[in-house]
Amino acid sequence: MDKKLLIGAGVALSLLFSPISQAFAAEPTTGERKQVDNIAHRGATGYAPENTIAGFDLAVDMKADYIEIDVQRSKDGELVVIHDTTVDRTTDGTGKVGDLTFDYLRSLDAGSWKGEQFAGESIPTFEEILDRYHGKVGILIELKAPELYPGMEKQVADALKARNLDNPQNEKIIIQSFNFESMKKMDQLLPKVPIGVLTSNRADTTAEALQEFSAYADWFNPSYGIVTEELVNQVHSHGMQIGSWTVRSQEAADFLFEMKVDAIITDYPDYVDPRN
Ligand code: G3P
Ligand code: CA
C-alpha cells in the first residue's frame with residue numbers, strides 16, 4: 001500500500017476511536033433530527049381535556065415519552081392534578097382549588113368543556129396518576145403555585161418514596177416549577193430525582209442565573225420564545241438539559257428541533273413524533 005494511503009488509513013482509524021469522533025458521532029448527520037423527549041403537556045391537550053385520564057391515556061397511545069401534570073392541593077390536604085388555581089375554566093364548578101374540599105373537587109366534570117364525549121372525566125389525584133402511569137410513561141410533575149400550599153413538597157416526596165420512585169433507576173420522573181425555592185426544597189428532599197426550573201423570563205438566562213440553577217436543577221425549561229441555539233449551548237455547558245414549551249404548531253416544534261433542545265413539551269405529541 002502507498003505510504004500516503006497507509007498514513008491516511010491510520011489517521012482515519014485513530015479518529016474513528018478518538019473522543020473527538022465519538023463527540024461528532026453523537027450529533028445527528030445532515031437531514032437527521034436529534035432524538036428529543038416528547039412530553040405531552042397536561043396530556044394530549046390538543047385532542048382531549050387537559051390534566052384528565054382521557055388526555056393522559058391518549059398521550060400514552062400517541063407514544064409520548066412523558067406526560068406533564070400540574071399538581072395542587074385541596075382545602076383538606078389531598079394532592080390533585082389541575083392547572084389553574086381556580087376550577088372555573090376546566091370544570092363545571094367555581095372557586096379556588098385550595099378553598100375546595102376533595103369531595104367537591106372530585107364531583108366536578110373536568111371533561112365536558114372540551115367536548116361532550118369527555119363528559120364525566122374527573123380531576124385526577126396525584127397518587128392515582130403515579131399508580132396508573134409509572135413504568136408505562138415518564139411523568140413530568142409540575143408543582144403549580146406551591147407558595148399557596150405550604151408543605152406540599154414533602155407530601156409529593158412522600159408519595160414518590162412510598163412507590164420507590166425516588167431512586168435513580170426510576171429516572172423517568174422529573175419535578176419542575178416556576179417557584180425556584182420550592183425546587184431547592186425538592187432537591188433536598190429527593191436528591192436523586194431530576195429537578196427542573198421553569199421560566200419565560202430572559203433575566204433567568206444569564207450565565208450567573210444558569211450557574212445558580214445548576215446547583216440544584218438538572219433541567220432548565222424555558223418558554224420557546226426565549227430559546228436560542230446559544231442558550232441551548234449555555235444550558236448544556238452548565239451541565240443541565242433543556243426542555244421547552246408549549247408547542248401548539250408544527251412550526252414551533254420544527255423550531256425547537258432546529259435549536260437542538262433535549263425535550264419538547266407539546267399539546268400535540270404528533271408534531272414531535274408523527275408515528276400517530
Ligand atoms: O411544562 C411546561 C409548562 O407546563 C409550563 O406552563 O402554564 O402550562 O403550566 P403551564
Ligand atoms: Ca404545567
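Only the coordinates and a few stated rules stand behind these numbers; no lab work does. Computed from a prediction, not measured in an experiment: that's the story for all the values here. Note: ideal-geometry Cβ built from the backbone for every residue, glycine included; neighbour counts use all protein chains shown.
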Would you mind calculating the relative contact order of region 32-272 from Cα pairs under 8 angstrom and at least 6 residues apart, reporting the percent as a whole number? 19 percent
Mind running the shape call on the chain? Use the C-alpha gyration tensor, a ≥ b ≥ c as the square roots of the eigenvalues: rounded below 1.5 for a/c, prolate if a/b tops b/c, oblate otherwise. prolate
Looking only at Gly98, Gly138, Gly55, which one moves most when the chain is put into a Gaussian network model with springs between Cα atoms under 10 Å? Gly98
Around Val261, which amide H atoms from residues at least 5 apart in sequence, or from another chain, sit under 5 Å from its own amide H, with H modelled in the peptide plane? none
Three-way shape label, region 130-274, alpha-carbon gyration tensor, a/c 1.5: oblate
Between Thr228 and Arg132, what length comes free when the chain is fully extended (0.36 nm per residue of separation minus the Cα-Cα distance, one decimal in nm)? 30.9 nm
By DSSP, what percent of the beta bridges with both residues in the chain are antiparallel, rounded to the nearest 5? 15 percent
Inter-probe distance in nm under a simple model that places probes 7 Å from Cα toward Cβ, at Lys154 and Asp103: 2.7 nm
Once the Cα atoms of helix 152-162 and of the chain are each reduced to a long axis, what angle between those two axes, in degrees from 0 to 90 to the nearest 10, is obtained? 70 degrees
Pairs of Cα atoms under 8 Å, at least six residues apart: use those to get the relative contact order of region 152-255, whole percent. 20 percent
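With charges set only on the Cβ (+1 for Lys and Arg, -1 for Asp and Glu), what does the dipole of the chain come to about its Cα centre, in debye to the nearest 20?
Using Cβ point charges on Lys, Arg, Asp and Glu, the chain gives about 700 debye.
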Report the relative contact order of region 62-110, percent, no decimals, based on alpha-carbon pairs under 8 angstrom and at least 6 residues apart. 32 percent
A correct Karplus calculation of ³J(HN,Hα) over region 67-80, with 6.51 cos²θ - 1.76 cosθ + 1.60, θ = phi - 60°, whole Hz and x for Gly and Pro, returns 10, 9, 10, 10, 10, 9, 9, 6, 4, 9, x, 8, 7, 10
